[in-house]
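Reading through the structure tokens given below for one structure.
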Amino acid sequence: MTETHDQLASLASAYALGALDPEERRSFERHAAECETCTAEARAFSGVVAALATSVPQVAPPPQIRDRVVAAVSGSVTMPAVGTSTVLRAPAGARTSRATRYRSRLEWLPYAALLAVTVGLGGYSLSLRARVSELEVRLADATSRTLLATRATADAQRVALRAQSTVDVLTAPDVARIDLAGQPTAPSARARAMWSRERGMVFTASNLPPLPEGRVYQVWVVTADARISAGLIMPDDAGNSASIFTTPPDIPTPVAVAVTLEPAGGVTQPTGAFYLLGKA
Ligand SMILES: [Zn+2]
């Protein structure tokens, strides 16, 4: 029997899904061997089926769907369609003709295919979303670890730079030492300034009283006719501090170094009480 293209073309998708019986399968293959259109159709649908099979977890269809599909193949069922309803009924007790089986298959196949694609895409979408979430978590984790590493590196560089600067000042050929004594506001406070015109000032202090809210200690280099701010210090809970300041290389030779209590942020000229004072 010679099948026409019109009869067999509609079997391409069922062929790709493996839904043909052996006789139909052989008919389709005989025809497809001479028909590029049907071969291409089956191949295109095979690609979709293969992609679904490899990219998503296999999900068993709900039993009521399976029952309806089985009923559709074996004879009579009502399949809902968009905006309408189609009743398929095989002649009772009659041998189902091939044409009827084709029609029947044509009716249910789109639903089965749609079900497969919907379930497949649903699973695929869920698995993609889970994968994206997982990648987002890993990216955030990597980003925060990179930030921490960058911060740690910057901290280490600051510490190293500070240590190097301190050594530079202390070993400067022109380094001068100025000891500061606590004034009546802080009798037990002590400080020492190591100053190099070229390399700056290392300033250490101990026993400074706790800072009042909104206040800071300010270090001054006192020359014959000016008081130049060297920088601010905020002692730790024990009243100790160690700082390194750069000072202008062209300042006149200091006659003294002093520490005053000033508003947070510092001032351009001393306004508060002297806490520490040492003559050069
Ligand atoms: Zn064909």
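In the assembled protein chains, residue 227 presents an accessible area of approximately 100 Å² (probe radius 1.4 Å). The Cα center of the stretch 239-280 and the Cα center of the stretch 116-149 differ in position by 57 Å.
Going highest first, how would you order 198-210, 242-254 by mean Cβ packing within 10 Å? Mind dumping the intermediate values first?
On the way: 198-210: 19.5, 242-254: 14.8.
Peptide ranking by packing, descending: 198-210, 242-254.
Electrostatic bookkeeping for residue 180 treats Lys and Arg as +1 and Asp and Glu as -1; over the other residues with beta carbon under 10 Å from its beta carbon, the sum is +2. Summing +1 for each Lys or Arg and -1 for each Asp or Glu among the other residues whose beta-carbon sits under 14 angstrom from that of residue 203 gives +4. Each pair of Cα atoms in the stretch 135-280 enters the Kirkwood radius, and Stokes-Einstein at 25 °C and 0.890 mPa s then converts it into a translational diffusion coefficient of 147 µm²/s.
The values are calculated or read from the model by the stated rules, or taken from the named source; none is laboratory data. Note that the coordinates shown come from a computational prediction; the quantities given were computed from them, not determined experimentally. All Cβ positions, glycine included, derive from the backbone under ideal geometry; neighbour counts span all protein chains shown. We work out accessible area using only protein heavy atoms, side chains counted, and drop any ligands, DNA or RNA first. Shrake-Rupley method; radii C 1.70, N 1.55, O 1.52, S 1.80 Å.
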